[in-house]
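The values are calculated or read from the model by the stated rules, or taken from the named source; none is laboratory data. Since the model is a prediction, treat every value here as computed from it, not as a measurement. Glycine gets a Cβ as well: all are built from the backbone with ideal geometry, and neighbour counts include every protein chain shown.
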Amino acid sequence: MYGHQDAGRLPASYPQFFERSAGCHVWDSDGNEYIDLMCSWGPVLLGHQHPKVEEAAAAQRARGDCQNGPGPVMVELAELLVERVRHAEWAMFAKNGTDATTTALMVARAATGRRKFLAARGSYHGSAPWCTPRLDGTTPQDRENIILFEYNDIASVTAAADQAGGDLAGVIVTPFRHDAGFDQELADPGFARALRDLCDRRQAALVLDDIRCGLRLNGGGSWEPIGVDPDLSTWSKAIANGYPLSAVLGNDRFRDGASRLFVTGSFWLSAAAMAASVATLHAHQDEGALSQLEHAGNLLRGGLGEQAAAHGLAIRQTGPVQMPYLTFAADTAYERMSLFAGTALENGVYLHPTHNWFLSAAHADRDIQRALEATDRAFRAVRNQYGPG
Ligand SMILES: *Cc1c(COP(=O)(O)O)cnc(C)c1O
């Protein structure tokens, strides 16, 4: 296994193969059923096998999917995204998030004629050689145009920008700090505004990597509520409720740069995923997905907090409720969290010990209650093994 399924990243008891999934439930290849608190690591936003999304994808597939060019649905999807996402005046599509982030950097470089990009240390932007979290198989040259800063630290951004000098093409940043293995940290609005100002002053591109947060935090871009619009934004994961699709959205300043690139892939123009995305965007709004996500998230967070207190355990729950992240204050190497996750798994809840979890709009109150029955046993196991604290 590779990437996030790599040995050592998940406790050994975790299943690696899954047979089927429906709503917020998944079944592994040994026939065990779980409440799914990972949602395929983000893509499943409305629940597995959402009827309207499946119907739209199937109808498009019946007409044609992988053809000599895109279907008209690509225009429909682009128009819908441009309408929903405030900064966007155009859209282009690819398959994976890594395609989108890599393309966004190319757009910025084509538009500015410059090379350097600033990125936050530890932020995940995909698995291409310029950004993959492990250096194996990469060369120093792959990274030589990336300069790191610390998330939420304006002084470190200024220092990184000074290092880039006249060669600054842009800054890429996630809507909040959601690095695996660290408590989540919301963006300081002053930090977001400082990035915007810096990019304006230097005529560089501000790229918001909304791949993980997009559509879970907001109906448009994730920084719209704090009033900071990027020049380019990258989307994937939830935009087609599990169908393979990513997008780069941009404003008119970067339209010409985008139109000059040669970027493509054998499957980038497949119509079924785009039809799934149109249906996902409509269902997101029509079914009130955001308020359902927040409701489920608050229920889960509140329940976990009460349980931990009742067991005398100090925990931290950080980040937005729809993307839960739990750590034990007394942990030094995730020992409590691993036992917690393993016990939750044995009791029918699939969550992760060191990566943020994801909720979907299909998590009904009874599912969260069932999940909380399992987490109560998991907290008890932690307390029995490690004592209170
Ligand atoms: C998952 C993710 C990516 C990469 O997307 P892939 O589809 O896995 O290539 C990039 N940026 C962020 C913030 C992500 O969460």
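Annotations
- Search result, residues across region 196-227 that are without any contact (Cβ under 8 Å) to a residue 60 or more places away in the chain, away from the ligand (no atom under 16 Å from the Cβ) and in contact with a strand residue (DSSP E or B) (Cβ under 8 Å, 6 or more places away or on another chain): ARG196, LEU198, CYS199, ARG202
- Condition met for SER127 (out of contact with any strand residue (DSSP E or B) (no Cβ under 9 Å at 6 or more places or on another chain), surrounded by fewer than 21 Cβ atoms within 10 Å (Cβ to Cβ) and within 27 Å of TRP268 (Cβ to Cβ)): yes
- Subset of region 100-136 that is without any contact (Cβ under 8 Å) to a residue 12 or more places away in the chain and within 16 Å of the ligand (Cβ to nearest atom) - its residue that is farthest from GLN203 (Cα to Cα): ARG134
- From the options ARG370, ARG336, ARG380, residue that is in the same structural domain as ALA296 (by TED's automatic domain parsing), closer than 15 Å to ILE35 by Cα and basic (Lys, Arg): ARG370
- Members of region 82-102 that are within 19 Å of ARG216 (Cβ to Cβ) and of a type outside the set (D, E, K, R): VAL85, HIS87, ALA88, ASN96, GLY97, ALA100, THR101
- Filter pass, LEU77 being outside any strand (DSSP E or B) and within 16 Å of the ligand (Cβ to nearest atom): no
- Filter result for GLY220 (surrounded by fewer than 22 Cβ atoms within 10 Å (Cβ to Cβ) and either assigned by TED's automatic domain parsing to the domain that holds LEU359 or over 19 Å from VAL85 (Cα atoms) (or both)): no
- Failed condition for ALA88, given (1) under 19 Å from ALA204 (Cα atoms); (2) part of a loop (DSSP other than H, G, I, E, B); (3) without any contact (Cβ under 8 Å) to a residue 60 or more places away in the chain: (3)
- Of the numbered criteria (1) surrounded by fewer than 19 Cβ atoms within 10 Å (Cβ to Cβ); (2) among the hydrophobic types (A, V, I, L, M, F, W, C); (3) more than 16 Å from the ligand (Cβ to nearest atom), the one LEU37 fails is (1).
- One residue from THR139, THR101, THR158 being surrounded by 15 or more Cβ atoms within 10 Å (Cβ to Cβ) and modelled with pLDDT of 95 or more: THR101
- In the condition set (1) at pLDDT 95 or above; (2) part of a loop (DSSP other than H, G, I, E, B), ARG134 is compliant with all but (1).
- Residue match in region 170-188 (condition: small (Gly, Ala, Ser), crowded, with 18+ Cβ neighbours inside 10 Å and either away from the ligand (no atom under 16 Å from the Cβ) or more than 22 Å from TYR124 (Cβ to Cβ) (or both)): no
- TRP90 falls short on exactly one of the conditions (1) under 18 Å from ASP231 (Cβ atoms); (2) surrounded by fewer than 22 Cβ atoms within 10 Å (Cβ to Cβ); (3) within 16 Å of the ligand (Cβ to nearest atom), and that condition is (3).
- Applying the condition of being part of a helix (DSSP H, G or I) and touching a residue at least 60 places away in the same chain (Cβ under 8 Å) to region 1-34 and asking which residue is surrounded by the fewest Cβ atoms within 10 Å (Cβ to Cβ) yields GLY3.
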